[in-house]
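Asker: The structure under discussion is supplied below as structure tokens; questions concerning it will follow.
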Amino acid sequence: MPSSRRTEALVTRRALLGTGAAGALGGGLALMALQAWAAQDADAETLLRHGGVVAVFRHALAPGTFDPPGFRFGDCSTQRNLNDEGRAQARRIGEWFQERQLQPHKVLSSPWCRCIDSAALAFGAPQVWAALGSPLGYPETTGAAHLRELRQALVAASARSGQFEVWFTHMFVQSDLASDSTRSGEALIVRAHRNAGPQVLAKLSIAV
């Protein structure tokens, strides 16, 4: 289902619930929204199973917006971290893949603790890759050199039929790479070809 239609369905549902619309109509639209989410998940599973894609996850829930003053790489106490809900969300991501016997070829993570922890709780210790984070830490930006690395790696991963990769990163990286983003703990299923930019094929949202 295209993202515009999915968004329209969800917005309509929220509006009806907020205004106390008729129960039957609201319930019907809520069911349609849930069915849309299920269809997205089914599409994502099919794509992952076929391979030649990357699941670009935004890290699991870590309340707040930016890292605190004094942020330092390698020191999680100075960073914004996952809360209990975020840790449960990350574990559920791993369970979803295990239940479907979907095994990533690679699991890569931004150097930020909230991304590393999301990946580790879902799949075990990831390979940390600087390109999935900001080269400066703040302001949050991907940087031209990192963006080139990401695009080249995505093209390489897209050429591997029967295999897929999982990347844990940030909303700004999702947006810079694929011109789209997700909520915390959700993924873009992305493919790219040498002569074309990244294409978002589906979104994956796993209920806790």
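Asker: I'd like to check something: does the stretch 11-30 contain any residue that is under 20 Å from the mean Cα position of the chain (by Cα) and at pLDDT below 85?
Answerer: Checking the stretch 11-30: not a single residue is under 20 Å from the mean Cα position of the chain (by Cα) and at pLDDT below 85.
Asker: Next up: If you check A130, A157, A122, which single one turns out to be touching a His at 6+ places or on another chain (Cβ under 9 Å) and open to solvent by less than 50 Å² (accessible area, probe 1.4 Å)?
Answerer: A157
Asker: Determine whether V155 is of a type in the set (V, I, T), in contact with a strand residue (DSSP E or B) (Cβ under 8 Å, 6 or more places away or on another chain) and assigned to a helix (DSSP H, G or I).
Answerer: It is true that V155 is of a type in the set (V, I, T), in contact with a strand residue (DSSP E or B) (Cβ under 8 Å, 6 or more places away or on another chain) and assigned to a helix (DSSP H, G or I).
Asker: In addition: Given (1) touching a residue at least 12 places away in the same chain (Cβ under 8 Å); (2) exposed (fewer than 13 other Cβ atoms within 10 Å of the Cβ); (3) in a helix (DSSP H, G or I), identify the lone condition not met by P68.
Answerer: Of the numbered conditions (1) touching a residue at least 12 places away in the same chain (Cβ under 8 Å); (2) exposed (fewer than 13 other Cβ atoms within 10 Å of the Cβ); (3) in a helix (DSSP H, G or I), the odd one out for P68 is (3).
Asker: So which residues in the stretch 71-107 are of a type in the set (S, T, N, Q), out of contact with any Pro (no Cβ under 7 Å at 6 or more places or on another chain), in a loop (DSSP other than H, G, I, E, B) and without any contact (Cβ under 8 Å) to a residue 24 or more places away in the chain, if there are any at all?
Answerer: Within the stretch 71-107, Q101, Q103 qualify.
Asker: Take S184 and decide whether it is farther than 17 Å from V53 by Cα, at pLDDT 95 or above and either part of a loop (DSSP other than H, G, I, E, B) or of a type in the set (D, E, K, R) (or both).
Answerer: yes
Asker: Among the residues of the stretch 116-126, are any in contact (Cβ under 8 Å) with a residue 40 or more places away in the chain and in contact with a Phe, Trp or Tyr (Cβ under 6 Å, 6 or more places away or on another chain)?
Answerer: yes
Asker: While we're on this one: Which residues, counting only those in the stretch 71-97, are under 15 Å from L204 (Cβ atoms) and open to solvent by 60 Å² or more (accessible area, probe 1.4 Å)?
Answerer: E95
Asker: V200: open to solvent by 10 Å² or more (accessible area, probe 1.4 Å), part of a strand (DSSP E or B), of a type outside the set (F, W, Y) and under 22 Å from A44 (Cβ atoms), yes or no?
Answerer: yes
Asker: Are there any pairs, at least 6 apart or on different chains, whose C-beta atoms fall under 9 Å, with the first in the stretch 41-62 and among the polar types (S, T, N, Q) and the second not in a helix (DSSP H, G or I), and if so, which?
Answerer: Correct list of pairs: T46/A202.
Asker: If S175 satisfies all but one of (1) assigned to a helix (DSSP H, G or I); (2) touching a strand residue (DSSP E or B) at 6+ places or on another chain (Cβ under 8 Å), what's the number of the condition it fails?
Answerer: It fails just one condition, (2).
Asker: Right, here's the next one. Please verify whether A131 is touching a residue at least 12 places away in the same chain (Cβ under 8 Å), within 24 Å of T46 (Cβ to Cβ) and among the small types (G, A, S), treating the condition exactly as stated.
Answerer: It is false that A131 is touching a residue at least 12 places away in the same chain (Cβ under 8 Å), within 24 Å of T46 (Cβ to Cβ) and among the small types (G, A, S).
The values are calculated or read from the model by the stated rules, or taken from the named source; none is laboratory data. Only a predicted model underlies this, so the values are computations on that prediction, with no experimental measurement involved. We place every Cβ from the backbone using ideal geometry, glycine too, and count neighbours over all the protein chains shown. Areas reflect the complete protein model, heavy atoms only, side chains present, ligands, DNA and RNA absent. Shrake-Rupley method; radii C 1.70, N 1.55, O 1.52, S 1.80 Å.
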